[in-house]
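Just so it is clear, none of the values below were taken in a lab; they were calculated from the coordinates. Bear in mind that the values here come from a model prediction, so they are computed numbers and not experimental data. All Cβ positions, even for glycine, are placed from backbone atoms using ideal geometry, and neighbour counts span all protein chains on display.
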Amino acid sequence: MFSYPFAATPCFLLDLGRPVAAAASLLRADGATYAWSGGVGARHSVVAFSAICAHKLAYPTREVSFIRFQPSRSPTSDGNVIHCCADHSVYDPAAGARVVSGPAPQPLAAILLDYDPERDELSALGTVGAEQFDAFFRKYDFKLTLDYGAGKARLPVGATTVVRELTEYCRQTIQC
Ligand code: FES
């Protein structure tokens with residue numbers, strides 16, 4: 001997990017363990033299409049997506065997360081998916097987080113990454129797809145103010161952001 005582009009907007013950083021090809025045409029709920037550039041890193045296997053569910057904006061809080069990467073098979077998916085247990089939206093992180101099943105109307109927004117092989121460093125350059133940050137800040141204004149302080153949730157992350165395991169980022173992850 002890491003915060004980007006704002007202090008309170010969480011993202012998944014995933015190494016899928018195999019090269020991940022670009023996706024030429026992903027569909028937003030408003031009908032627009034966009035391209036996603038695929039995996040980066042030495043093996044082209046690293047991807048990043050906003051962890052704000054495209055259905056009803058469930059997201060990993062400090063207390064609990066309904067949305068998480070699910071590597072193994074489950075009754076509702078074949079594994080290697082991002083699964084939101086709130087209403088069972090399933091996304092494929094190897095295909096730009098397109099919707100595999102469930103009520104989500106569009107993919108998760110992708111975080112555009114750049115990889116510096118000499119320094120073995122990743123940089124987040126921006127977002128691609130349907131950002132939901134305005135709706136997120138509207139919906140959770142009260143909670144985000146309690147968690148981060150007045151006006152601080154929407155501060156840009158700045159030059160660096162910390163990556164942590166989901167288990168360190170929030171206390172309880174809902175399995176489904
Ligand atoms: S909020 Fe994620 S599936 Fe409904």
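Placing pseudo-labels 7 Å out from each Cα toward the beta carbon at Phe142 and Thr76 gives an inter-label distance of 2.6 nm.
Give me the Å³ per residue figure for the convex hull around the C-alpha atoms of region 2-173.
On the way: hull volume 19.2 nm³, N = 172.
So the per-residue hull volume is 112 Å³.
Would you mind calculating the relative contact order of the chain from Cα pairs under 8 angstrom and at least 6 residues apart, reporting the percent as a whole number?
Reported as a whole number, the value is 27 percent.
Across region 1-17, the residues whose backbone nitrogen lies under 11 Å from the label position 7 Å along the beta-carbon direction of Arg43 are 15-17. Which of the aspartates and glutamates could be linked to Lys152 by a straight reach, that is with a Cα gap under 17 Å, when you skip same-chain ones fewer than 8 residues away? Cα-Cα hits under 17 Å: Asp134, Asp141.
Please report how far the C-alpha centroid of region 108-176 lies from that of region 18-44, rounded to the nearest whole angstrom. After rounding, the separation between the Cα centres reads 19 Å. Over the chain, DSSP H runs of length four or greater, each weighted -39,500 (n - 2.57), average out per residue to a 222 nm ellipticity of -2500 deg cm²/dmol.
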